[in-house]
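Coordinate-derived values only; no laboratory data. It should be emphasised that the depicted structure is a prediction, and the values quoted were computed from it without experimental measurement. Virtual Cβ from ideal backbone geometry, glycine too; neighbours counted across all protein chains shown.
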Amino acid sequence: MGWTAAWNPPLHRCYRCSRDRQMIVRWPVGPVCRSCYIRARSRPAACSRCGQIRVLVAAVDDGSRATVCGVCADSPHTYLCLRCGGGEEPYGRGHCVRCESHDRLIRAFGDANGELSSEAAVIVDAFMATRRARSVLEWLSRPQGGATVLRTLLASDEQVTHEALDALGERQVWSLRRSLVEIGVLPKRNEALARLTPFLRDVTSKLPSDQRQLVLTYGTWWVLRRARQQLERTGRYTASSRRSAQRRLSAAATFVEWLEAQNKPLSDLTQADVDRWLDAADYRRVDVADFLRWASRRQLTNKVKVHRRPRTGPDLTVSEEDRWKLLDRCLHDAATSDDVRAAGALVLLYGMQLSRVVELTTAHLHSPRPGVSVTGFSVTLTGPDIAVPPSMGAILRRLPIRDTQPRSAPLITGDSEVWLFPGSSATGHINTSVLSKRLKALGIPTRSARNAALISLAAELPISLVSDLFEISISTAMNWAREAGRDWNAYLAAPRREHS
């Protein structure tokens, strides 16, 4: 029985991967293998001649890589969408992924006739302007997510408001809320402060009516009122402040529950009762001190004291020598990402809190003219200019970094501030805990590194200047000056002890 050998097509060197493989298409730039063809089709880029987003199939004179689209190269390989004529990633039926996104957005947020309300039209237009059309398809396909929430609200004719989103899970609507604020559907608000009200409602929901009213009064007219005053006075209310307020509210609710279990009215509270409460091995119980001070001022209970653990000195495990070694690494280690280097330098050189660092935008940077190295920055937009060394200015000029983390680019782009340290949500900055972990991986313990910087600054600069430059209170600056003075006095006393 005879046989014939299977025909194997000839191999060609793919211009993209430089491997000898079977050719699937020959572009003006050269032969392309199947895997490189699929990759190039799914990742169109800006043509170097027309600037349109298209599949790049031709090269300039040097022929090193494809930078020109098929239209500009007079090639039949244009890969244009049959509907819109664009060169986005293909999806099916000759249409691009952006046209498919538009169709699905209309089906998701339109009525039975495909008509959009004025509110829905704004949302659809905003998502159609995104740089990642495929991400819109993924967002729409998630069974539990912002698209489902938004679709339900629009279908029920319920107005899309912050209050409507507050009634849902925060994890489910967090990114959606930011997107809606960015496109103007929702007004801007301080999320840390806004989340206190639903938290207070939740923490008191299971309390008996009398106790619930007591804690609600404390939370509304003491904790929340002071939080609003802080925002009005300073323009800031951070997640750290919110967590502190939540601990105090939780401690108050737990304490009144404990009193009920002890059959002890708040008006008959004694110091012995408070001490018994604090004897439990739970460090969070001391947070009840704020509630007891409030109750005592309103003559709801006797004056009692909450004995806190003695305060220890600041963590000074990072010496001055270690601080400068870490700073040198931040300024000159090209193998480390620029955003981590910049954050580490801001902490080590200026003692900035990470909550301040992540809130910096391009508007906070100062340079003599656009496109040159940054010469300084300010902690607030209206604050004084803080000079930076040239090596640090060059790093700051390269921020924000998005290429290394493509998913960190906002799904919706608008006119909001450009964060130097962008996060994974629409228009959001990176979380402080995430940045802290990245600094720790570089060998920079954030708290002790910041303490070392503040000690050095307080020892060299006037207290008022430290307060003005870095937006810390006079009392905090004075405390650091005392810490620096204490260390200096100990240093001066050391020779006398050695000779005594």
> Residue by residue, what Karplus-based ³J(HN,Hα) values in Hz, rounded to whole numbers, does region 372-382 have, using 6.51, -1.76 and 1.60 with θ = phi - 60° and x for Gly and Pro?
Replying inline: 10, 4, 5, 9, x, 8, 10, 5, 10, 4, 9
>> Under a Cβ-only charge scheme (Lys and Arg +1, Asp and Glu -1), can you give me the dipole magnitude of region 194-297 about the Cα centre, in debye to the nearest 20?
In response: 720 debye
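So what is the relative contact order for the chain, in percent, with contacts set as C-alpha pairs under 8 Å and at least six apart?
On the way: 648 pairs, mean separation 43.2, N = 500.
This gives 9 percent for the chain.
From the gyration tensor of the Cα coordinates in region 7-69, what semi-axes in whole Å does the equivalent ellipsoid have, largest first, with each one equal to sqrt(5λ)?
Values: eigenvalues 102, 30, 12 Å².
With the √(5λ) rule applied to region 7-69, the semi-axes are 23, 12, 8 Å.
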>> Over the Cα atoms, compute the radius of gyration (one decimal) and Dmax (the largest Cα-Cα distance, rounded to a whole number) for region 163-257, in Å.
In response: 14.4, 44
> Taking the structure as given and computing P(r) over Cα pairs in 20 Å bins from 0, in percent, which label from (1) 17, 39, 32, 11, 2, 0; (2) 22, 55, 21, 2; (3) 20, 54, 24, 1 fits?
Replying inline: (1)
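Rounding to the nearest 20 debye, state how big the charge dipole of the chain is about its Cα centre with +1 on each Lys and Arg Cβ and -1 on each Asp and Glu Cβ. Don't skip to the answer; put the middle values down first.
Working: 71 positive and 51 negative charges, 158 e Å.
Using Cβ point charges on Lys, Arg, Asp and Glu, the chain gives about 760 debye.
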> Going down the list 206/305; 188/440; 188/305, which pairs span over 30 Å between their C-alpha atoms?
Replying inline: 188/440; 188/305
> Given the Cα atoms of region 1-127, and with Rh set as the inverse mean 1/r over their pairs in the Kirkwood sense, what is Rg to Rh to two decimals?
Replying inline: 1.16
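Is there a quick way to get the dipole size of region 110-251? I mean about its Cα centre, with the Cβ of Lys and Arg at +1 and of Asp and Glu at -1; what is the value in debye to the nearest 20? Walk me through the intermediate numbers first.
Values: 23 positive and 15 negative charges, 229 e Å.
For region 110-251, the charge dipole is close to 1100 debye.
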> Along the charge dipole of region 320-486, which of 465, 343, 380 sits closest to the positive end, that is, farthest toward it, with unit charges on the beta carbon of Lys, Arg, Asp and Glu (+1, +1, -1, -1)?
Replying inline: 343
> Where the convex hull is taken over the Cα atoms of region 139-199, what is its projected area averaged over directions, in nm²?
Replying inline: 4.2 nm²
